[in-house]
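The values are calculated or read from the model by the stated rules, or taken from the named source; none is laboratory data. Values in this document were obtained by computation on a predicted structure and should not be read as measured data. Glycine gets a Cβ as well: all are built from the backbone with ideal geometry, and neighbour counts include every protein chain shown.
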C-alpha cells in the first residue's frame, strides 16, 4: 500500500471553502453521486501512470498541449471530463484505440499554476463509464460513453467481515510502513461506505496500473473486495517478512563499532578542516609501498609496520613516530639506481675541464669507470684524497659525480663525536633519528651516489662513542652491503655507493679505518699550475660573482704570477682566489663610480689594490753565519721552509733546544749531537770542544708548534756547520730523517716541500735516495730549475752542504791547555 501524503495533507488546503468536495464520503453522498446525471459525450483525458477510482480525489500534473487545452475548456463549462488510463504508458500522444475501455467520470475541483510553469489539476472521481465510440480526435479526444452498471452485494456477516479485515490490514500496513503518514489511518477509520473504502484502498495500495485497472473494470463489489483483500494480504506478508529479516540482522553496537563510527565522524571533521584522516594516510602509505622496488623482506617488514600503525590510536604519541619511520622507509632509494655514463672520453673531458692537474686522481677515476663498463657490477672503491686545504679535494667529488652521471651528496665529518651520528638512534629513544649516512642517501634519492666524507681526519672521539669505529662498516667494501642503521632496523646496501673521503693528514685517522681506504695524495700546486688554475677557473668565477664581463677585467699571466709569489704562501689556491677577488672588486668599484681605469690589470695596479707584497721571494738565509741551515717541512696547509739555527757559547757542553719543538724533533737534535760526537774525527772536530761549549739549537717562529723527523739532516748540518765554522752552500735546502748509525731515511710530503723550496728560490735540494720516486711523479717542467742530490748517509749530506771556507767572523774553537775558550 503506497499512500501519497499529497492526497491527505497537501491537497486539502488547495480547495476553496465552497468546493463541493468531502474526502470522507458517507453512504448518502455515494448515493447522490451515483444518481448524478452524466453527459453522453465527454472530453477524454488520458492518464499515463495512475488510475482514478470513483469518490477518490487525486492531483495530476498536466503536460501535454492537448490535455492543457481540454482542462481549460472543461473548466469553463460544467467541469466534467472522462479520465481513462493508457494501455501503454510509453506512448506520448495516445489515440482512442490505445486507451482502456473503462474509465471514470471526473469533476475538476481546482486548476493550479505551479511556480515551475506546470499545470496541476485536482480531480474527484464520480462514476465508472465505458467508452463507446470516438466523436473527435482534435484538438483533444471526445467520445460517446455508456454507463457502467455496478453490482452491489448483500451486506451480510461475511462481507462485513471482509471489510473489517481490509481495514485492519490497511492499519497494520500503515504502522509497518514509516513512509505512510498517520493521516491515512485516520481517513480509513472514518470511511463508512464499503464501496468508497474499496475504491480508496485500490487507488492507494502498492500495485501496478494493470492490477488497478483490473479492479476498476470489476463490476461486482464482493469480487472486487476479495481481490483487494488478496493484494493487502500479500503486501502485509512482505512487510512482516522484511521486518523479521531486519530484526535478525540487527545487532547492538558494541564499543568497537561505537569507536568506529566516532572515528568516521572524526575523519569527516578532519577532512572538513583540511587535514588527512588516519585511514587516508595509511591507504596512501600502502599505495606508495606497492610502487617501491624493494626486496621481499623489506616489503614484508614495511607491511608489518604499517599494520602496526593501523592498530595505534592516532592520538597516541607512538603514532607520529611510526608515521615518520614508515615515511623514511618509503623515501629511501631501495634498489633505485641512476644509470652510469660509460663514455670515458667524456668523463676525461669533464675532469680536465673542472680541475687542472691532479692527474693521478683522474687516472684512478677513469680506471674505475673502465672496469665498471666491462664488469657492470664492480663494488665501488673507497678513495681517500689526502692533501692540504684549497687543492680541490671536495670540489673534485662534484666533478667525479658529473663524469659518472651520478647523484652527489656531501657529509662533513669535522667535529662529530657521537657514534649515533653515523649509525642513528634506536626508535625507543625520544627524538630518535636515522644516522647521517642513511639521511644523506635519502637526500640523494639514489642508491649509487658519489658520497663525499669530508674531513675524515677530524672525527672526534670521547665518552659518547667512537665515530671512526662506526665508519669501519661503512667504508669496508666487504661489509657495507649490509650496513645496519639503528633507526632503520634493517640492512641497507651501500656497496654501490662511491665513497670519497678527504683529509688533510693521515696521522689522526684510525689505522683500521685507514686500512680500508685507497689513499690518493692530492699535493699542492706549482706556480705554473696556480697560474693556469687562476686563468681557467678562479678569474672567471670571480668575474661572475662580482657581476663583471670578460672584457671588464683582464689579468695576464705575469700579473697572476706576481699575485701568486708576492701575496700567497700556500699549497692550494684558496688564498689566491681571495686575492684575485680583491683585485676584481677594485675594478668593480672603479666601474661603479665611473672612474677611469685600465681593464688590463698591471703590476702597479695589483700593488695599489692589494698593498705592498706580503712575502719575500728570497727567503733563504745568508751563508755568512755558521750554523744556519734551510730545511723543508710539511704542514697541514702544505709545504714550507724552516731554518735551523745552531750557536755555540762557552760552557760545559749543555744542549738547549727552543722553538716550540715536539718530542720527535728534540730526539732528532739529540741523535744529531750524538752522531757528531761519535764521528768528530771524520769531520775534523776536536772531541774536547763538546765539553767546553754549550750548544743552542733554535727553530724560528717559536710560537708555532713543530714536530716530525724530517729535520734530522738539517739539525746535523747546522751542528756540523757551527762546530767547524764552515759556510753552507747558497740556495740549498734539505729534508730527511737520521739514525745513530748515520743512515738517512725517507720522509713524506716531498712534493709539498719541493713546491715550498721553489717558492723560496731554492736551487739545490738534498733528499734521501728512497725519495727519488716521489720526484719522478712531478712533471719535469715544474722542477727544471732545481738540482736534486740523493743521499743515503749523513757524511754525504755534510760533504754536499758545507763549503770548505769558514765564515768571516768565525769563532776560535782551538783548545788551549791553561785558559778557557774565548771568542776570537
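Does residue 339 fit the bill of being within 28 Å of the chain's Cα centre (by Cα) and either at positive phi or not assigned by TED's automatic domain parsing to the domain that holds residue 287 (or both)? So residue 339 passes the test. Residues that are crowded, with 17+ Cβ neighbours inside 10 Å and part of a helix (DSSP H, G or I) within the range 773-794 comprise 774, 775, 782, 794, listed in sequence order. Among the residues of the range 409-418, those that are within 18 Å of residue 501 (Cα to Cα) and in a loop (DSSP other than H, G, I, E, B) comprise 413, 414, 415, 416, 417.
Do the conditions hold for residue 570, that is, is it loosely packed, with under 14 Cβ neighbours inside 10 Å, at pLDDT below 85 and either over 15 Å from residue 527 (Cα atoms) or touching a strand residue (DSSP E or B) at 6+ places or on another chain (Cβ under 9 Å) (or both)? No: the conditions fail for residue 570. Screening residue 333 against (1) at pLDDT 85 or above; (2) in a helix (DSSP H, G or I); (3) not assigned by TED's automatic domain parsing to the domain that holds residue 373 leaves a single unmet condition, (2). Restrict the check to the range 86-107 and report whether at least one residue is over 24 Å from residue 217 (Cα atoms) and free of Cβ contacts under 8 Å to residues at least 12 places away in the same chain. Among the residues of the range 86-107, not one is over 24 Å from residue 217 (Cα atoms) and free of Cβ contacts under 8 Å to residues at least 12 places away in the same chain, which makes the answer no.
Screening the range 35-54 for residues that are closer than 20 Å to residue 110 by Cβ and at pLDDT 85 or above and picking the one that is surrounded by the most Cβ atoms within 10 Å (Cβ to Cβ) gives 52.
When you look at residue 204, is it within 30 Å of residue 88 (Cβ to Cβ) and crowded, with 20+ Cβ neighbours inside 10 Å, yes or no? Considered against the rule, which asks whether it is within 30 Å of residue 88 (Cβ to Cβ) and crowded, with 20+ Cβ neighbours inside 10 Å, residue 204 comes out as yes. When residue 647 is tested against (1) closer than 30 Å to residue 523 by Cβ; (2) crowded, with 18+ Cβ neighbours inside 10 Å, just one condition goes unmet, and that condition is (1). Picking from residues in the range 796-805 that are in contact (Cβ under 8 Å) with a residue 12 or more places away in the chain and exposed (fewer than 15 other Cβ atoms within 10 Å of the Cβ), the one that is nearest to residue 731 (Cα to Cα) is 803.
Residue 115 - would you say it is free of Cβ contacts under 8 Å to residues at least 12 places away in the same chain, on the phi < 0 side of the Ramachandran plot and not assigned by TED's automatic domain parsing to the domain that holds residue 188? Give the derivation first.
Working: free of Cβ contacts under 8 Å to residues at least 12 places away in the same chain: yes; on the phi < 0 side of the Ramachandran plot: yes; not assigned by TED's automatic domain parsing to the domain that holds residue 188: yes.
Taking the combined requirement at face value, the residue satisfies it.
Restricting 642, 657, 719 to residues that are at pLDDT 85 or above, under 23 Å from residue 790 (Cα atoms) and touching a helix residue (DSSP H, G or I) at 6+ places or on another chain (Cβ under 7 Å) narrows the list to 719.
Got at least one residue in the range 744-761 being buried (at least 24 other Cβ atoms within 10 Å of the Cβ), within 60 Å of the chain's Cα centre (by Cα) and modelled with pLDDT of 90 or more? There is at least one residue in the range 744-761 that is buried (at least 24 other Cβ atoms within 10 Å of the Cβ), within 60 Å of the chain's Cα centre (by Cα) and modelled with pLDDT of 90 or more.
One residue is enough: does the range 528-547 have a residue meeting the conditions outside any helix (DSSP H, G or I) and at pLDDT 85 or above?
Yes - at least one qualifying residue is present in the range 528-547.
Specify which of the listed residues (81, 145) is surrounded by 13 or more Cβ atoms within 10 Å (Cβ to Cβ), under 20 Å from residue 56 (Cβ atoms), more than 60 Å from the chain's Cα centre (by Cα) and free of Cβ contacts under 8 Å to residues at least 60 places away in the same chain. Answer to the check: 81.
Rundown of residues vs (1) out of contact with any helix residue (DSSP H, G or I) (no Cβ under 6 Å at 6 or more places or on another chain); (2) surrounded by 13 or more Cβ atoms within 10 Å (Cβ to Cβ); (3) touching a residue at least 24 places away in the same chain (Cβ under 8 Å); (4) at positive phi, yes/no style:
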| residue | (1), (2), (3), (4) |
| --- | --- |
| 298 | yes, yes, yes, no |
| 302 | no, yes, yes, no |
| 307 | yes, no, no, no |
| 324 | yes, yes, no, no |
| 333 | yes, yes, yes, no |
| 383 | yes, yes, yes, no |
| 390 | no, yes, yes, yes |
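Among the residues of the range 351-399 satisfying the criterion of being assigned to a loop (DSSP other than H, G, I, E, B) and within 30 Å of the chain's Cα centre (by Cα), which is modelled with the highest pLDDT? Top of the filtered list is 392.
When residue 618 is tested against (1) closer than 19 Å to residue 353 by Cα; (2) modelled with pLDDT under 85; (3) out of contact with any helix residue (DSSP H, G or I) (no Cβ under 8 Å at 6 or more places or on another chain), only condition (1) is not met. Selection of the range 425-447 for residues being in a loop (DSSP other than H, G, I, E, B), over 20 Å from residue 502 (Cβ atoms) and in contact (Cβ under 8 Å) with a residue 24 or more places away in the chain yields 425, 426, 427, 432, 433, 434, 445, 446, 447.
Residues that are more than 17 Å from residue 449 (Cβ to Cβ) and out of contact with any helix residue (DSSP H, G or I) (no Cβ under 6 Å at 6 or more places or on another chain) were ranked within the range 474-487; the one that is surrounded by the fewest Cβ atoms within 10 Å (Cβ to Cβ) is 478.
If you go through the range 580-608 and pick out every residue that is in contact with a helix residue (DSSP H, G or I) (Cβ under 8 Å, 6 or more places away or on another chain), closer than 11 Å to residue 559 by Cβ and assigned to a helix (DSSP H, G or I), you end up with 5.
Would you mind stating whether residue 646 is assigned to a helix (DSSP H, G or I), touching a strand residue (DSSP E or B) at 6+ places or on another chain (Cβ under 8 Å) and at negative phi? Considered against the rule, which asks whether it is assigned to a helix (DSSP H, G or I), touching a strand residue (DSSP E or B) at 6+ places or on another chain (Cβ under 8 Å) and at negative phi, residue 646 comes out as no.
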